[in-house]
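Each remark here refers to the structure printed beneath this line.
Values in this text are rule-based calculations from the coordinates and carry no lab data. Treat the numbers as computed from the prediction; the structure is a model and nothing was measured. All Cβ positions, even for glycine, are placed from backbone atoms using ideal geometry, and neighbour counts span all protein chains on display.
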């Protein structure tokens, strides 16, 4: 063996011993051809010589069942789904190119995966990572290194790379799933703060969509494609008007892969004349709900009435209309569900308005009630101001004594013609676009994609727990929201693949299914009084296997890890008297 160095001889000896004792190597087999050839040659000679009892290896693996112990059980299924998606999106190489160290990239992966699976504060996340999850075993970041302060710092570092990450993810998902951003959805939502936020430049009082008018707000603006992938995100002041947010978004679209004649779908609150002209000037098309209700319009001759059945088994009526003032294409939509909702609101407001009028009437005939004519008219005016949508369909008459100046009677009745006109307009709204459209259902289908951005907001707020916000300073707030958006990228990438294979479960249900898989450490003592320890993942159940197969993910997040150690000889302690006796 003159061609083998002393180091190679040691490796040959060690590998032969490991084979004899049936130990599995913790790392890959030696790739040194000299070592490999000698190990194979000598092992074949050992086997053919029959001088060694090779069954001893089996005895080494025979463990006393009474000594078996299971410990350190951790959840790993949902973490595995999220982390493999992180790898599929090539986020680690991106962070390394952005100046992150390998250790920082591992921590970032740990934090974003944790945010997706267990959205919580940094303090709770640390406890979850240390006590419940095996996420660090997937990412390779030391679990003992995870602290609240390091998670705060990591979130801030990720936010500094926001634009680069968004551009990368926008392109990467288009490449992965062969997508083209032909339709872009733009909308806003807000979330509220817990606390006073006295020194914040972002937190402002505004119109809360959660009806939390007592709390300061922050606005989140998203640009999303029809598959639910975010193209661009922005955090704005809580009191900003919807219509004032569009210009910055339009400037960012071109740099985030949204080139060419894409259609921007907007809600009515953003679709001002100025914003629509801005969109058109940048080379994009637009489709929105008309901010104003058309009055003087006519149905386009030669265009048929289109009836569409929705998923909720309701029939939508579509008709093309034209006006003299506008050159855009308008589509009249008659929705039964919207009609039913508006009818209920109308009846409610009518009842409340009539109750106000009845109170004024009762005061005329009660002691101490308001009877002066001018005061009565003031009360009627306040009632009209309170219910403007229904007051104009009522004819109200006040009878008064000219000598005393007191009102004697108040009567009211509905304007039959106006009331009938209102009923006919219930459930009707108009879609507006500058597209050259030849079929009505195309416009309806394009606008209906706006539901996807509503689903994105719902996932962010509910599944990823983006509300409320507890952070005190604005930098931490921005980092918190950005972390939630990064987690949403993982979530939507997973759900997109599952939805295209018939699984439409929400993210919370996917996490529940993933949590059924654990990784666990099992130890026991063999016949040679050695402790054998193995760490292995449980077999995924039927539902999780289906998810793994769709996502093309291995059923076992990592191979089993095994070690063999001798029992400590210091466990048996002799008494001083017995030691003297044995020593003679």
*Just report the Cα centroid separation between the range 411-426 and the range 123-194, whole Å.*
54 Å
_For the range 36-135: rounded, prolate or oblate by the Cα gyration tensor [a/c cutoff 1.5]_ = oblate
*Semi-axes of the equivalent ellipsoid for the range 381-427, Cα gyration tensor, largest first, Å*: 29, 12, 5
_To test your reading of the geometry: what angle, between 0 and 90 degrees and rounded to tens, separates the Cα axis of helix 148-160 from the longest principal axis of the chain?_
60 degrees
*What order do you get for 128, 507 when you list them from fewest to most C-beta neighbours inside 10 Å?*
128, 507
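Given an 8 Å cut-off on Cα distances and at least 6 residues of separation, report the relative contact order of the range 85-237 as a percent.
Working: 174 pairs, mean separation 25.8, N = 153.
Computed value for the range 85-237: 17 percent relative contact order.
Label the range 302-370 by shape, choosing from rounded, prolate and oblate, from the square roots a ≥ b ≥ c of the eigenvalues of the Cα gyration tensor; if a/c is under 1.5 it is rounded, and otherwise prolate applies when a/b is larger than b/c, oblate when it is not. Can you show the working numbers first?
Numbers: a/c = 6.43, a/b = 2.42, b/c = 2.66.
Judged from the Cα gyration tensor, the range 302-370 comes out oblate (a/c at least 1.5, b/c at or above a/b).
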_Given (i) 1.12; (ii) 0.99; (iii) 1.43, the label whose value is Cα Rg over 2.2 N^0.38 Å derived from this model_ = (iii)
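For 535, 150, what ranking results if the residue with the fewest other Cβ atoms within 10 Å of its Cβ goes first?
Values: 535 20, 150 17.
Least crowded to most crowded, the residues run 150, 535.
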*Mind checking the full-extension length gain between residue 70 and residue 313? Use 0.36 nm per residue of separation minus the Cα-Cα distance, one decimal, nm.*
82.2 nm
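If you take the square roots of the eigenvalues of the alpha-carbon gyration tensor of the range 338-425 and sort them as a ≥ b ≥ c, do you get rounded (a/c under 1.5), prolate (a/b over b/c) or oblate? Each step should come with its number before you reach the end.
Working: a/c = 3.09, a/b = 2.25, b/c = 1.37.
Taking the square roots of the gyration eigenvalues as a ≥ b ≥ c, the range 338-425 is prolate.
How high is the relative contact order of the chain, in percent, counting Cα pairs under 8 Å that sit 6 or more residues apart?
Working: 855 pairs, mean separation 108.9, N = 584.
Here the relative contact order equals 19 percent.
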*What is the range 338-425's relative contact order, in percent, from Cα pairs under 8 angstrom and six or more apart in sequence?*
26 percent
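For the chain, what is the mean residue ellipticity at 222 nm derived from helices alone (per DSSP H run of n ≥ 4: -39500 (n - 2.57); sum divided by total residues; nearest 500 deg cm²/dmol)? Don't skip to the answer; put the middle values down first.
Values: 22 runs with 259 residues, N = 584.
Using -39500 (n - 2.57) per qualifying helix, the result is -13500 deg cm²/dmol.
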*Note the angle between two axes, namely the Cα long axis of helix 102-117 and the longest principal axis of the Cα atoms of the chain, as a number of degrees from 0 to 90, rounded to the nearest 10.*
50 degrees
